[in-house]
Amino acid sequence: MTPPSIRDRTILVTGGAGFIGSHLVDALVDDNDVRVLDDLSTGEREHVHDDATLLEGDVRDQQALERATRDVDLIFHEAAVVGVTETVEQPAETNRVNLEAGLELLEQARREDARVVLASSAAVYGHPDELPVSETASTDPASPYGIQKLALDEYARLYADLYDLPTVALRYFNAYGPRQRGPYSGVISTFLEQARAGDPITVEGDGEQTRDFVHVEDLVRANLLAATTDDVGEAYNVGTGERTSILELAETIREATDADVPIVHREPRVGDVRHSRADVSKARRTLGFEATIGLQTGIRDLVGRESLEEATMIDREGESYS
Ligand code: NAD
Ligand code: UD1
């Protein structure tokens, strides 16, 4: 259900075939005219709701961007190269997607006078000096990804100051939930895939590093609140305020899936952030946002859904041979 104020709008969701974007589309599509601009590089066509219009294209393509933004009231910008490692391997190429295309999108929004809600990231803080990390903490990215996200997040603020464009940057912490998959997806989907396949769970380093894992449904709610707030030109942390170690997570997933698989350690990731936990007081105070789904509940729900999908697939296979 969308808030009453997000109705009868023309909305663009870039990256709307992806994990977070597709959930956002689902939340908006009943009451609005929703377009998706996605090159399907990691997103999937079948994740895009039937009632949304999928424009298959690259955010770096000026014409595609102009077409997608024409007459829109509201833009949620989710398209990006999300894997931190990919940006370390290809800083210049990923900069074109994560920063340059985002800046061009702000230009188009200025032309259309459209509000923009941007997917920023906890990666802007790098290795935080203090936890929980608040929006006023120093920003010191530890990867090209963090620099790209920070620059766009700052541009969004500047566009609000200079041009009066209503923008909001949401600094997501570690997202998880249904539809997150693939080689560069987050640790929860990787561990779940490993456990279900009967493979060892691969912890990088000692596993004592911690993250603030936030469920995609909570992220969607934060986006809807950001789309209606009067407090624009601001960045907000979106997390739970809790942190969990990667080793605890591996144990939780092993238990939840009932998998008899070992936990193995690999080399730590170069440049990996050691600890991360959001101070969510600004989002609570200003947006009225509070995460509602705890990690244990979120993981149990994910495991339940996957079992259901698997059972349905077995049924279908059975049918096709009968
Ligand atoms: P995702 O990879 O599932 O979604 C990204 C989508 O963007 C995909 O559908 C992909 O096909 C599309 N895309 C990529 N490059 C494109 C291009 N050049 N042109 C058009 N479309 C393109 O990832 P996600 O986890 O849903 O991430 C959504 C946003 O949230 C991203 O901006 C990401 O940086 C940000 N974010 C994610 C997390 C997380 O933990 N998943 C945390 C912080 C921030
Ligand atoms: C994630 C997001 C990034 C976002 C950031 C915000 C993804 C792919 N990346 O980065 O977009 O901006 O959160 O906080 O969602 N790990 C293992 N074994 C594995 C995989 C990962 O031990 O098989 C460890 C990593 O070393 C890391 C932790 O799990 O310490 C989290 O890794 P990952 O899920 O890739 O997320 P981040 O790098 O935190």
Q.
Give me the strands (runs of 3 or more DSSP E) completely within the range 173-224, filtered to those with at least 2 residues that are more than 7 Å from ligand 2 (Cβ to nearest atom), closer than 16 Å to residue 121 by Cα and under 22 Å from the mean Cα position of the chain (by Cα), ordered by residue number.
A. 213-215
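Residues checked against (1) surrounded by 16 or more Cβ atoms within 10 Å (Cβ to Cβ); (2) acidic (Asp, Glu); (3) within 16 Å of the chain's Cα centre (by Cα):
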{"site": "73", "(1), (2), (3)": "yes, yes, no"}
{"site": "77", "(1), (2), (3)": "yes, no, yes"}
{"site": "81", "(1), (2), (3)": "yes, no, yes"}
{"site": "84", "(1), (2), (3)": "yes, no, yes"}
{"site": "90", "(1), (2), (3)": "no, no, no"}
{"site": "93", "(1), (2), (3)": "no, yes, no"}
{"site": "98", "(1), (2), (3)": "yes, no, yes"}
{"site": "101", "(1), (2), (3)": "yes, no, no"}
{"site": "104", "(1), (2), (3)": "yes, yes, no"}
(Q) Quick test of your reading of the structure: residue 151 fulfils all but one of (1) in contact with a His (Cβ under 7 Å, 6 or more places away or on another chain); (2) open to solvent by 10 Å² or more (accessible area, probe 1.4 Å). Name the failing condition by number. (A) (1)
Q) From 258, 315, which residue is open to solvent by 40 Å² or more (accessible area, probe 1.4 Å), at pLDDT 95 or above and among the acidic types (Asp, Glu)? A) 258
Q: Go through (1) aliphatic (A, V, I, L, M); (2) over 26 Å from residue 212 (Cβ atoms); (3) buried (at least 19 other Cβ atoms within 10 Å of the Cβ) one by one and return the number of the condition residue 162 breaks.
A: (3)
**Q.** Answer residue from the range 193-250, given it is within 20 Å of residue 278 (Cβ to Cβ) and among the acidic types (Asp, Glu) and is surrounded by the most Cβ atoms within 10 Å (Cβ to Cβ) among those
**A.** 212
**Q.** Subset of the range 1-42 (residues that are closer than 26 Å to residue 188 by Cβ, among the hydroxyl-bearing types (Ser, Thr, Tyr) and either assigned to a loop (DSSP other than H, G, I, E, B) or open to solvent by 30 Å² or more (accessible area, probe 1.4 Å) (or both))
**A.** 41, 42
Q: May I ask you to verify whether residue 157 is within 15 Å of ligand 2 (Cβ to nearest atom) and either buried (at least 22 other Cβ atoms within 10 Å of the Cβ) or not in a strand (DSSP E or B) (or both)?
A: no
Q. If you go through the range 69-99 one residue at a time, how many are away from ligand 2 (no atom under 11 Å from the Cβ) and modelled with pLDDT under 95?
A. 1
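The values are calculated or read from the model by the stated rules, or taken from the named source; none is laboratory data. Here the structure is a predicted model, which means the values were calculated and not measured. Glycine also receives a Cβ, built like all others from the backbone with ideal geometry; neighbour counts cover every protein chain displayed. We work out accessible area using only protein heavy atoms, side chains counted, and drop any ligands, DNA or RNA first. Shrake-Rupley method; radii C 1.70, N 1.55, O 1.52, S 1.80 Å.
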